[in-house]
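> This is the structure I have questions about; it appears just below.
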Amino acid sequence: QVQLVESGGGLVQPGGSLRLSCAASEGFFSVDTMDWYRRAPGNQRELVASITSDGSTNYADSVKGRFTISRDNTKNTAYLQMNSLKVEDTAVYYCRIGARVVSGGSIIGYWGQGTQVTVSS
């Protein structure tokens, strides 16, 4: 069973930084895309950033230039470096990966449990 363990959330002042981590447990053949989503109170879940297996990245307009997604394929871990944080970045952040359990199998999506990020003075 693939499991994702997220860490790094917390309380930070506006302008501060946080680094989120998402570690995927064993139980899969390969990991394709790794994504970070967030859901703020009263809002729908939105895609924040994604990174493919070859390192191509994509960002929501609201975080471009402030957030950086990266991955360590040797550790099956994704990171989200968040700089210049704003109050509106406050949300629960979720990691998602697309993984193949067996060689040649379909890509299946797996979600982490979420980690709270609160930006407040």
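Quick grid of which residues meet (1) under 17 Å from Val117 (Cβ atoms); (2) modelled with pLDDT of 95 or more; (3) surrounded by 12 or more Cβ atoms within 10 Å (Cβ to Cβ):
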| position | (1), (2), (3) |
| --- | --- |
| Gly15 | yes, yes, no |
| Ser25 | no, no, yes |
| Ala40 | yes, yes, yes |
| Val63 | yes, yes, yes |
| Phe67 | yes, yes, yes |
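> Tally up the residues in the stretch 93-121 that are not β-branched (Val, Ile, Thr) and not in a strand (DSSP E or B), please.
Taking the stretch 93-121 and keeping what is not β-branched (Val, Ile, Thr), we get 93-96, 98-100, 103-106, 109-114, 116, 120-121.
Pick out the ones that are also not in a strand (DSSP E or B) and you get 103-106, 112-114, 120-121.
The total comes to 9.
> Next question, about the same structure. So which residues in the stretch 106-121 are under 14 Å from Arg38 (Cα atoms) and open to solvent by less than 40 Å² (accessible area, probe 1.4 Å)? Give the steps one after another, and end with the answer.
Taking the stretch 106-121 and keeping what is under 14 Å from Arg38 (Cα atoms), we get 111-119.
Answer for the stretch 106-121, where residues must be under 14 Å from Arg38 (Cα atoms) and open to solvent by less than 40 Å² (accessible area, probe 1.4 Å): Gly112, Gly114, Thr115, Val117, Val119.
> Where the second residue is part of a strand (DSSP E or B) and charged (D, E, K, R) and the first is over 17 Å from Glu88 (Cα atoms) and lies in the stretch 1-22, which pairs have Cβ atoms under 6 Å and are six or more apart or on separate chains?
So the pair list comes out as Gly8/Arg19; Cys22/Glu6.
> For the stretch 65-74, state whether one or more residues are of a type in the set (Phe, Trp, Tyr), in contact with a strand residue (DSSP E or B) (Cβ under 9 Å, 6 or more places away or on another chain) and in contact (Cβ under 8 Å) with a residue 40 or more places away in the chain. Give the steps one after another, and end with the answer.
Taking the stretch 65-74 as the starting set, the residues that turn out to be of a type in the set (Phe, Trp, Tyr) are 67.
Pick out the ones that are also in contact with a strand residue (DSSP E or B) (Cβ under 9 Å, 6 or more places away or on another chain) and you get 67.
Checking the rest, the ones that are also in contact (Cβ under 8 Å) with a residue 40 or more places away in the chain come to none.
No, the stretch 65-74 contains no residue that is of a type in the set (Phe, Trp, Tyr), in contact with a strand residue (DSSP E or B) (Cβ under 9 Å, 6 or more places away or on another chain) and in contact (Cβ under 8 Å) with a residue 40 or more places away in the chain.
> Considering only the stretch 69-92, state which residues are open to solvent by less than 50 Å² (accessible area, probe 1.4 Å) and assigned to a helix (DSSP H, G or I).
Asp89, the sole residue that qualifies.
> Quickly run through the stretch 1-13 and pick out the residues that are surrounded by 16 or more Cβ atoms within 10 Å (Cβ to Cβ), of a type outside the set (Val, Ile, Thr) and farther than 16 Å from Ile97 by Cβ.
Of everything in the stretch 1-13, those that are surrounded by 16 or more Cβ atoms within 10 Å (Cβ to Cβ), of a type outside the set (Val, Ile, Thr) and farther than 16 Å from Ile97 by Cβ turn out to be Gly8, Gly9.
> From the list Ser103, Ser53, exactly one residue is open to solvent by 40 Å² or more (accessible area, probe 1.4 Å), more than 22 Å from Ser17 (Cβ to Cβ) and touching a residue at least 60 places away in the same chain (Cβ under 8 Å). Which is it? Reasoning before the result, please.
Details: Ser53 fails: touching a residue at least 60 places away in the same chain (Cβ under 8 Å).
So the residue among Ser103, Ser53 that is open to solvent by 40 Å² or more (accessible area, probe 1.4 Å), more than 22 Å from Ser17 (Cβ to Cβ) and touching a residue at least 60 places away in the same chain (Cβ under 8 Å) is Ser103.
> While we're looking at this one, here's another question. Before we move on, is Leu20 at negative phi, open to solvent by 60 Å² or more (accessible area, probe 1.4 Å), touching a strand residue (DSSP E or B) at 6+ places or on another chain (Cβ under 9 Å) and in a strand (DSSP E or B)? Write out each step before concluding.
Numbers: at negative phi: yes; open to solvent by 60 Å² or more (accessible area, probe 1.4 Å): no; touching a strand residue (DSSP E or B) at 6+ places or on another chain (Cβ under 9 Å): yes; in a strand (DSSP E or B): yes.
In short, no.
> Restricting attention to the stretch 81-91, report how many residues are out of contact with any Phe, Trp or Tyr (no Cβ under 6 Å at 6 or more places or on another chain) and either within 14 Å of Tyr59 (Cβ to Cβ) or touching a residue at least 60 places away in the same chain (Cβ under 8 Å) (or both).
First pass over the stretch 81-91, keeping only residues out of contact with any Phe, Trp or Tyr (no Cβ under 6 Å at 6 or more places or on another chain): 81, 83-91.
Going one step further and asking which of them are either within 14 Å of Tyr59 (Cβ to Cβ) or touching a residue at least 60 places away in the same chain (Cβ under 8 Å) (or both), we end up with 81, 83-87, 89.
Looking only at that region, the number is 7.
The values are calculated or read from the model by the stated rules, or taken from the named source; none is laboratory data. As the structure is a computational prediction, the values presented were derived from the model and not from experiment. Cβ sites come from the backbone with ideal geometry, for glycine too, and all protein chains shown count toward neighbours. Each accessible area value is taken on the protein alone, full model and side chains, heavy atoms only, with ligands, DNA and RNA left out. Shrake-Rupley method; radii C 1.70, N 1.55, O 1.52, S 1.80 Å.
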